[in-house]
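Structure first, commentary second.
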Amino acid sequence: MAAPRALEQTSSHNLEMTIHVNDTAEKIGDEFDYAQRAQWLRAAVLGANDGLVSVASLMMGVGAVKTDIKAMLLAGFAGLVAGAGSMAIGEFVSVCTQRDIEIAQMKRDQQKKIISNENHEEPDENIQREEALPNPAQAAIASALAFSVGAVVPLLGSAFVRDHKVRLAVVAAVASIALVVFGVLGALLGKTPIVKSSARVLVGGWMAMAITFGLTKLIGTGGLQM
């Protein structure tokens, strides 16, 4: 009777280990999927933050020497279009380069396996791996959209404010609020301290706007006619 009991105990132990391993594998798989999603979302938040800081700083710089609302809005719109285009092209080139490198590496690995007679992969495995690589066009569109979302915030915030000083204050205030929101989102996605991350993003945005405003004001009052 002892042998069957020992066998039952061993079988139960193996079953528990199998279930535990499967559960762990599923958790790892879920974490991997979450990490992939978080990486894209984090890139989107950072892209929007770039658009916000770039266009808000540009508008503050123009507003330092020009009181005309049209000049600020045109500068902001030009910054939106130029920035979105630059982000899209840069992301497209970057992802294309990444794909080329990884595809070339896969071909080298495949060639080594063929030479060493160790090619046990499925015929379409390399195709699947290649299809899993990031898409350059999708990455370019996503970057351009993310930048545009951030850039349009200061534009909309100041579009209907006629008073020059109030307009500058509105741009700074709207940009600050959006910076805090982006900082919180980035902290949640990256699982970092919310207050510290938000403060870092906010102070960085303030510095960019203040430096742009100050240097443009200095040049404008230094005799440069605009």
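The values are calculated or read from the model by the stated rules, or taken from the named source; none is laboratory data. The shown structure was predicted, so the numbers you read here are calculated from the model rather than taken from an experiment. No Cβ is skipped: glycine too gets one built from the backbone with ideal geometry, and neighbour counts run over all protein chains shown. What goes into the accessible areas is simple: the full protein's heavy atoms, side chains included, and nothing from ligands, DNA or RNA. Shrake-Rupley method; radii C 1.70, N 1.55, O 1.52, S 1.80 Å.
Figures for the structure shown
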read-out: Residue that is nearest to ALA64 (Cα to Cα), among those in the stretch 170-191 that are of a type outside the set (Gly, Ala, Ser) and without any contact (Cβ under 8 Å) to a residue 12 or more places away in the chain; value: ILE177
read-out: Residue among LYS165, LYS191 that is on the phi > 0 side of the Ramachandran plot and surrounded by fewer than 13 Cβ atoms within 10 Å (Cβ to Cβ); value: LYS191
read-out: Residues (at pLDDT below 90 and open to solvent by 30 Å² or more (accessible area, probe 1.4 Å)) located in the stretch 41-64; value: LEU41, ARG42, ALA43, ALA44, LEU46
read-out: Unmet criterion (only one of (1) surrounded by 13 or more Cβ atoms within 10 Å (Cβ to Cβ); (2) at pLDDT 85 or above) for LEU133; value: (2)
